[in-house]
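J.: Quick one: this structure, given as structure tokens, is what I'll be asking you about.
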Amino acid sequence: MDVVKQASDALRATIDISSQKGIGTTITLKLPLTLAIIDGFLTKIAANHFIFPLSLVEECVELTRKDVTEAHNRHLANVRGHLVPYIRLREHFQIGGESPAIEQIVITQVENTRVGFVVDHIVGGHQTVIKNLGRFYKDVEDTAGATVLGDGTVALILDVPKLILAAGLAENRVVGNGG
């Protein structure tokens, strides 16, 4: 066990052990994000690429200009009878240019809170190696890191829970699945 402890310390990992008599033992190894490979969901806004952790993505729906007008420019989408607040990532990250006529909302769920994120295009699933942003970007709140795509383009990996908190949507829980 000493060798395991030394190796985990070198990786800045944590080990949790829980045991219940007659049931068994669970050992959990937590690695820092800088060493993680995740299944990601690749999206695009203008020439910028963003990745959502696929485990948080519930579904995607279209957002038309008519939908925005009918919602009186409030950032709410009607998804099968449930109102889902959304964040326009183009505005959040101050990306210039014109939005397409039909945008996409990536609907996520974090701790029973459903929040959508508006992007220009959905690229699809992407096996993602998380790289840290380095010490110059250590205070960037909305990203969990970055990855390099096959063509050399850098994509930011979004920290969805922090984006939801920053937008103040965590208190306005919009529960999915009939709630």
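The values are calculated or read from the model by the stated rules, or taken from the named source; none is laboratory data. What you see is a predicted model, and the numbers here were worked out from it, not measured in a lab. Please note: Cβ atoms are built from the backbone with ideal geometry, for glycine as well, and neighbour counts cover all protein chains shown. Side chains are part of the model used for accessible areas, which takes the heavy atoms of the whole protein and leaves out ligands, DNA and RNA. Shrake-Rupley method; radii C 1.70, N 1.55, O 1.52, S 1.80 Å.
J.: Within region 1-160, what whole-number % of the accessible surface is contributed by carbon and sulfur, with the 1.4 Å probe and all protein chains included in the calculation?
T.: Numbers: 5190 of 9720 Å².
Answer for region 1-160 is 53 percent, counting heavy atoms of protein chains only.
J.: Using a Cα-Cα cut-off of under 18 Å, which lysines could be cross-linked to LYS5, ignoring same-chain neighbours fewer than 8 residues away?
T.: Correct list for LYS5: LYS30.
J.: Skip the ligands, DNA and RNA, and give the accessible area per residue of region 33-173 with a 1.4 Å probe, whole Å².
T.: Details: 7700 Å² over 141 residues.
Normalised by residue count, the accessible surface of region 33-173 is 55 Å².
J.: Within 10 Å, Cβ to Cβ, of SER99, how many net charges do the neighbouring residues add up to if Lys/Arg are +1 and Asp/Glu are -1? Don't skip to the answer; put the middle values down first.
T.: Numbers: positive: ARG65, ARG88, ARG90; negative: GLU91, GLU98, GLU103, ASP120.
Charge balance in the 10 Å sphere: -1.
J.: At a Cα cut-off below 18 Å, give the aspartates and glutamates reachable from LYS162, other chains included and same-chain residues fewer than 8 away excluded.
T.: GLU58, GLU91, GLU111, ASP139, GLU141, ASP142, GLU171
J.: Where does the charge balance sit around LYS162 when Lys and Arg score +1, Asp and Glu -1, over other residues with C-beta under 9 Å from its C-beta?
T.: Values: positive: none; negative: GLU141, ASP142, ASP159.
That works out to -3.
J.: Continuing with this model, one more query. Kindly identify region 47-123 as rounded, prolate or oblate by the Cα gyration tensor criterion: order the square roots of the eigenvalues as a ≥ b ≥ c, call it rounded if a/c is under 1.5, otherwise compare a/b with b/c, prolate if a/b is larger, else oblate.
T.: Values: a/c = 1.73, a/b = 1.06, b/c = 1.63.
It is oblate, given that a/c is not under 1.5 and a/b is not larger than b/c.
J.: By the gyration tensor of its Cα atoms, with a ≥ b ≥ c the square roots of the eigenvalues, what is the shape of region 107-160: rounded for a/c under 1.5, prolate for a/b over b/c, or oblate? Let's see the in-between values first.
T.: Working: a/c = 2.18, a/b = 1.24, b/c = 1.75.
It comes out oblate by the Cα gyration axes.
J.: Mind checking the full-extension length gain between ARG80 and ALA166? Use 0.36 nm per residue of separation minus the Cα-Cα distance, one decimal, nm.
T.: Working: separation 86, 0.36 × 86 = 30.96 nm, distance 2.63 nm.
Extending this stretch completely gives an extra 28.3 nm.
J.: Mind running the shape call on region 41-81? Use the C-alpha gyration tensor, a ≥ b ≥ c as the square roots of the eigenvalues: rounded below 1.5 for a/c, prolate if a/b tops b/c, oblate otherwise.
T.: Working: a/c = 3.08, a/b = 1.54, b/c = 2.01.
In terms of gyration-tensor shape, oblate.
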